[in-house]
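The values are calculated or read from the model by the stated rules, or taken from the named source; none is laboratory data. What you are looking at is a predicted structure, and each value in this text was computed from that prediction instead of being measured. With ideal geometry, Cβ positions are generated from the backbone for all residues, glycine too; neighbour counts draw on all protein chains shown. Heavy atoms of the whole protein, side chains included, go into the accessibility calculation; ligands, DNA and RNA do not. Shrake-Rupley method; radii C 1.70, N 1.55, O 1.52, S 1.80 Å.
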Amino acid sequence: MNTELQQRIIKQVTRMFLCNGIKSVTMDMIASQLGISKRTLYENFKEKNELLLACLES
């Protein structure tokens, strides 16, 4: 079950992956772009691959 925050993260990260390429997007960049801490990001997605999978599934 995805929370509202997870949906927001997925939506933004999908855009970032499409614009910048998957390899160049870092967890630091994602947290900064969303205005959340890295800890909050990692509490929702334990690694970038998990986040990528969530983006592909949506």
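If you go through segment 48-58 one residue at a time, do you hit one that is of a type in the set (A, V, I, L, M, F, W, C) and exposed (fewer than 11 other Cβ atoms within 10 Å of the Cβ)? Yes, there is a match, as at least one residue in segment 48-58 is of a type in the set (A, V, I, L, M, F, W, C) and exposed (fewer than 11 other Cβ atoms within 10 Å of the Cβ).
Is it the case that some residue within segment 20-40 is touching a residue at least 40 places away in the same chain (Cβ under 8 Å) and not in a helix (DSSP H, G or I)? No, because not a single residue in segment 20-40 is touching a residue at least 40 places away in the same chain (Cβ under 8 Å) and not in a helix (DSSP H, G or I).
Has segment 2-22 got at least one residue that is more than 9 Å from the chain's Cα centre (by Cα), open to solvent by less than 70 Å² (accessible area, probe 1.4 Å) and of a type in the set (A, V, I, L, M)? Looking for residues that are more than 9 Å from the chain's Cα centre (by Cα), open to solvent by less than 70 Å² (accessible area, probe 1.4 Å) and of a type in the set (A, V, I, L, M), one finds at least one in segment 2-22, hence yes.
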